[in-house]
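Reviewing the structure listed below.
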Amino acid sequence: STISKFLNQNILIYGGPGAGKTTLMKSICKSFLNNRNVGDFTCPIVIRFRELDYNSLTKAYGDDLNLYRILLHVFGIIVKFPDESATKLFNDNSQLIRLTVLEFLEKTKVLLIFDGFDEIPIVDLKLSIERDFQTIALSMKESRFILTSRNGDFRLKLENTHTFEICPLRDDQILKLTSKWLNNKTQSQDLYSKIKASPYYDTTLRPLTLSHLCAIYERRK
């Protein structure tokens, strides 16, 4: 796939609501599962921030909840120590937790896909995770991550990371999508001309909105 040539570093992808960020992540996973070249990784692991159980995570980790503890939770890794006093001491050691996660990632060579940074509901946690991405971007050598976020939500500049933004649809892409959806040249041209003449033309520059309009037109013409 086109994106594979950029996986010599991590990737941060910005896009507005409905721009196609999640669809792009699905496409990357599909390419991987179809044995197309998506880099030298053992497997993709998708973490959708909107689907995490933040109540349970906060209950388990409290103020210590961060990106590394979320990864421990996702991977099912439990860090144990020889005795109770050591467990109490090292459970509070975020540095040790970080090194454990990074060592695991270096050994497994996975492609981490983090979808929807903007959908983290807890402000302080979001800021903490944003800082964690700075350290993980510099520390990972064998594994890589792809992170998606709405425009302006992820504010830090990441080292060792390519940054992209999903552009609005061009007119030719709008026509192509409507043609494929309706599979009728006359109808697709009719819908396209109505979209161009409408006062909400600028909102159709996102795939999600355009798909909704196609579905409405399909039913009601």
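The values are calculated or read from the model by the stated rules, or taken from the named source; none is laboratory data. In this text, all values refer to a predicted model and were calculated from it rather than measured experimentally. A quick note on method: Cβ atoms are made from the backbone with ideal geometry, for glycine too, and the neighbour counts reach across all protein chains shown.
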Within the bounds of region 50-68, is there any residue that is modelled with pLDDT of 90 or more, under 30 Å from L177 (Cβ atoms) and outside any helix (DSSP H, G or I)?
no
State the number of residues belonging to region 130-185 that are in contact (Cβ under 8 Å) with a residue 24 or more places away in the chain and within 28 Å of K196 (Cα to Cα).
13
Any residue in region 210-221 that is more than 10 Å from L191 (Cβ to Cβ) sitting within a Cβ distance under 9 Å of a residue that is surrounded by 11 or more Cβ atoms within 10 Å (Cβ to Cβ)? List the pairs, counting only those 6 or more apart or interchain.
S211/G18; S211/L177; S211/W181; H212/G18; A215/W181
Can you tell which of D153, D171, D190, D202 is among the charged types (D, E, K, R) and in contact with a Phe, Trp or Tyr (Cβ under 7 Å, 6 or more places away or on another chain)?
D153
Specify which of the listed residues (I28, I13) is outside any loop (DSSP other than H, G, I, E, B), touching a residue at least 24 places away in the same chain (Cβ under 8 Å), more than 17 Å from M140 (Cα to Cα) and touching a Lys or Arg at 6+ places or on another chain (Cβ under 7 Å).
I13
Considering only region 173-200, state which residues are surrounded by 12 or more Cβ atoms within 10 Å (Cβ to Cβ) and closer than 22 Å to T23 by Cα.
Q173, I174, L175, K176, L177, T178, S179, W181, L182
